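A.B. asks: Have a look at the structure that comes next, please.
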Amino acid sequence: MASSKHDSPLPPDTLDAEYGLTVEELRQNMDLGVTPDNLNYRQLFGLFFGGIFLVLVLILFAMELYRYWDFKTGMAAAVAAEYPDLQRLRAADAQTLGTFGVVDAEQGIYRIPVDSAITLMVDEATR
């Protein structure tokens, strides 16, 4: 009678607690030099697809962050482009509102500074 390399006093149909195999199946695996891989495929696939989902979410977040940054820099450039015109207009308005000048000489219409106009109106109201 030929004996196996791994003789065991247990009957061949007894389950091995560590691997969940019968003793005979365990002997065959060990004779072939392999052990069962008790991989949790459900967990592996869950982690794989969860990782893909996470990468996609990060990519979408990065795209939205770029759009926001691009919008902000575009707005800053637009404001900077309009700023010289706005500054020139404000300077011209300040010149007009703060100095004496002729509006229409033929009709005798003249311009006085706003501060002077306010002072004259207060003086008239207090009389």
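Taken together, the values in this text are just the output of simple stated rules run on the coordinates, not laboratory data. None of these values were measured; they are calculated from a predicted model. Glycine also receives a Cβ, built like all others from the backbone with ideal geometry; neighbour counts cover every protein chain displayed.
A.B. asks: Mind giving me the nanometre distance, one decimal, between the label points for residue 86 and residue 68, set 7 Å out from Cα along Cα→Cβ?
C.D. replies: Going from the residue 86 label point to the residue 68 one covers 2.4 nm.
A.B. asks: In whole Hz, what ³J(HN,Hα) sequence does segment 104-118 give by Karplus (6.51, -1.76, 1.60; θ = phi - 60°), x for Gly and Pro?
C.D. replies: Karplus values, whole Hz, x for Gly and Pro: 8, 5, 5, 9, x, 9, 10, 10, 10, x, 4, 4, 5, 5, 5.
A.B. asks: Once you have the Cα-Cα distance between residue 93 and residue 112, take 0.36 nm times their residue separation minus that, and quote the gain in nm to one decimal.
C.D. replies: Working: separation 19, 0.36 × 19 = 6.84 nm, distance 1.33 nm.
So the chain would gain 5.5 nm between residue 93 and residue 112.
A.B. asks: Loop-only chymotrypsin sites (Phe, Trp or Tyr not before Pro) in segment 42-127, please: DSSP not H, G, I, E or B, and at most 15 other Cβ atoms within 10 Å. Working shown, then result.
C.D. replies: Values: sites: 45, 48, 49, 53, 61, 66, 68, 69, 71, 100, 110; in loops: 100.
Hits after loop and neighbour filter: 100.
A.B. asks: Taking amide H atoms as placed 1.01 Å from N in the peptide plane, list the residues 5 or more away in sequence, or in a different chain, whose amide H sits under 5 Å from that of residue 21.
C.D. replies: Placed amide hydrogens put 16 under 5 Å from residue 21.
A.B. asks: Right, something else. Convert each backbone phi in segment 59-70 into a coupling constant with the Karplus relation 6.51 cos²θ - 1.76 cosθ + 1.60 (shift: θ = phi - 60°), then list the ³J(HN,Hα) values in order as whole Hz, x for Gly and Pro.
C.D. replies: Result, ordered by residue: 5, 5, 4, 5, 5, 5, 5, 5, 4, 4, 4, 5 Hz.
A.B. asks: Can you tell me how much longer the chain between residue 119 and residue 41 gets when fully stretched, taken as 0.36 nm per residue apart minus their C-alpha distance, in nm with one decimal?
C.D. replies: Numbers: separation 78, 0.36 × 78 = 28.08 nm, distance 8.83 nm.
My answer for the length gained is 19.2 nm.
A.B. asks: Taking a ≥ b ≥ c as the square roots of the Cα gyration tensor eigenvalues, with a/c under 1.5 meaning rounded and otherwise prolate when a/b beats b/c, else oblate, which class fits segment 40-95?
C.D. replies: Numbers: a/c = 14.46, a/b = 8.87, b/c = 1.63.
Prolate, since a/c reaches 1.5 and a/b exceeds b/c.
A.B. asks: Name the residues whose placed amide hydrogens come within less than 5 Å of the amide hydrogen of residue 111, ignoring near sequence neighbours (fewer than 5 apart) on the same chain.
C.D. replies: 101, 102, 103
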